[in-house]
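Every number in this text was worked out from the coordinates using simple rules, so none of it is lab data. Everything quoted here is computed from the prediction, not taken from an experiment. Positions of Cβ are backbone-derived with ideal geometry, glycine not excepted, and every protein chain shown enters the neighbour counts.
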Amino acid sequence: MRIGIPREVKEGERRAGLLPLEVAVLVGEGHEVRVESGAGAWLGLADDDYGAAGARIVEADGTWAVDLLVKVKEIQPGEEMRIDHDPAVFGFQHLVGDPEMTRRLAARGATCIAFELVQDAQGRFPLLAPMSVIAGRMAATTGARILARTPGHVLVLGAGNAGVEAARTAANLGSHVTVLTRSERSRDEARRKLGAGVECALADAEAIERHALEADVVVGAVSVSGAPTPKLLSRGLVGRMKCGSVLVDVSIDGGGVAETSHPTTHGHPTYVEEGVVHYCVANMPAAEPQASAAALCAAALPYVRELAGKGVARAVRENPALRSAVVLWQGRVCHRALAQASGLAWEGLAEADLA
């Protein structure tokens, strides 16, 4: 199979879809890997490093003229014009918050498989998890850095990988930490992971309000698979929070936890609204490119090998983890929440599609 690794163009994105180690594995299995010149520059990787792994170094057009495109971040404006049915795009998609891009991709006949929706038999998200851990840790340290002091009280909304790591890091910094989550099961699991030093409770309206008003830093780490993030902090509540407090909205790829949240970039990461400093960078782990790229590429490689070795249709047919991650198939929307958000018709994947 022909596999393409483009240079990422999202502002502040420093990772690459695959590293030379993974490229060498794929080339060794008989696949042609095309890497765009400069794709690894932010990682300190030269074109020669990829060439030594067996990759063909090409210009941008060459990486898109393939069967399978492996990239980190969602399709950026203008990139969709490079898709004409092929290639299948395997990477973070985050399309629920971008209905216009969804419609453009559908019109191009795109096939998109989302890193963030690959779910294994144990219900885990193996490609999302390592990035969430890094983002969670960064959320706690970023909040403290913006405050220029250790926060007295940190509120973490959500108890997935990002939320637990944010809570653990904030507690290690010496903050009083409260984690609010949706269910008794996730609350109890957070207690088990974090210990008695972190308060874990259910995220009802009264608890969210009380702890948000006390917090120096609020971390939004709510994740609803393939759906928009619920708005847990109204504009009115944000306006009543401590003046100069910080909201680090890790959930911004899904729209964010606050009505006042909108995406920012590594170049311009913060803004102030209702007296609260908002940090809403949509690709936080890109600030630690070496560690996050290594973790992400290692997690993605088994799925890339399967897609390349079996062919995209057969791999999706035989592996439920990949099938659940298909958001677009040849221009048809295969994910209910995405169809609803974009106003397009939902069509489930049929066996005939994957023959």
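Annotations for the structure displayed:
- Amide H contacts of VAL58 (H built 1.01 Å from N, in plane; Pro and chain starts excluded): VAL35, GLU36, SER37 sit under 5 Å, all sequence-distant by 5 or more or on other chains.
- When the stretch 225-355 is described by a simple charge dipole with +1 on each Lys and Arg Cβ and -1 on each Asp and Glu Cβ, the residue from ILE252, LEU322, ALA286 located farthest towards its positive end is LEU322.
- Reciprocal mean inverse distance between Cα atoms of the stretch 38-156 - Kirkwood radius, Å: 17.3 Å
- GLN330/LYS231 FRET efficiency (R0 35 Å; Cβ-Cβ; nearest 0.05): 0.55
- Inter-centroid distance (Cα atoms) of the stretch 124-173 relative to the stretch 63-110, Å: 30 Å
- Candidates LEU147, LEU307, LEU26, ranked by Gaussian network fluctuation over the chain, Cα under 10 Å, top entry: LEU147
- Per-selection Kirkwood Rh - the chain (Cα, Å, 1 d.p.): 20.8 Å
- Reach of LYS231 by Cα under 27 Å, taken over lysines that are not fewer than 8 positions away in the same chain: LYS10, LYS73, LYS193, LYS242
- Cβ crowding within 10 Å, taken as a proxy for footprinting-reagent exposure, orders ASP216, ASP67 from fewest neighbours to most as ASP67, ASP216.
- Cβ crowding within 10 Å ranks ASP48, ASP86, ASP253, ASP120 as ASP48, ASP120, ASP86, ASP253, fewest other Cβ atoms first.
- All aspartates and glutamates inside 15 Å of LYS71 as judged from Cα atoms, apart from same-chain residues fewer than 8 positions distant: GLU8, GLU11, GLU13, GLU22, GLU36, ASP61, GLU79, GLU80, ASP86, GLU116
- For ILE57, ILE208, order by how many other beta-carbon atoms lie within 10 Å, fewest first: ILE57, ILE208
- Each part gets one Cα centre, and for the stretch 188-260 versus the stretch 276-355 those centres are 27 Å apart.
- Between 0 and 90°, nearest 10: helix 161-173 axis offset from the chain longest Cα axis: 50 degrees
- Environment charge of ARG168, counting only residues whose C-beta is closer than 15 Å and scoring Lys/Arg +1, Asp/Glu -1: +1
- Taking Cα centre as origin and charging only the Cβ of basic (Lys, Arg, +1) and acidic (Asp, Glu, -1) residues, the dipole magnitude of the chain rounds to 640 debye.
- Neighbour net charge for PRO269 - beta-carbon separation under 12 angstrom, K R +1, D E -1: -1
- Residues considered: VAL276, VAL33, VAL224. Largest GNM mean-square fluctuation over the chain, using C-alpha springs under 10 Å, is found at VAL224.
- Looking at the stretch 58-147, the GluC sites (Glu not before Pro) that sit in a DSSP loop and have at most 16 other Cβ atoms within 10 Å of their own Cβ are GLU59.
- Charged-residue dipole, Cβ positions (Lys, Arg, Asp, Glu), the stretch 129-282 about Cα centre, Debye nearest 20: 320 debye
- Taking a sphere under 10 Å around the Cβ of THR229 and counting the other residues whose Cβ falls inside, with K and R at +1 and D and E at -1, yields a net charge of -1.
- Proximal aspartates and glutamates to LYS310, defined as alpha-carbon separation beneath 15 angstrom and excluding residues fewer than eight positions away on the same chain: GLU29, GLU32, ASP67, GLU318
- Three-way shape call for the stretch 129-282 based on the alpha-carbon gyration tensor, with the a/c threshold at 1.5: rounded
- Scattering from the stretch 173-245 was approximated by placing one identical point on each alpha carbon and applying the Debye formula without solvent; log10 I(q)/I(0) at 0.14 1/Å stands at -0.48.
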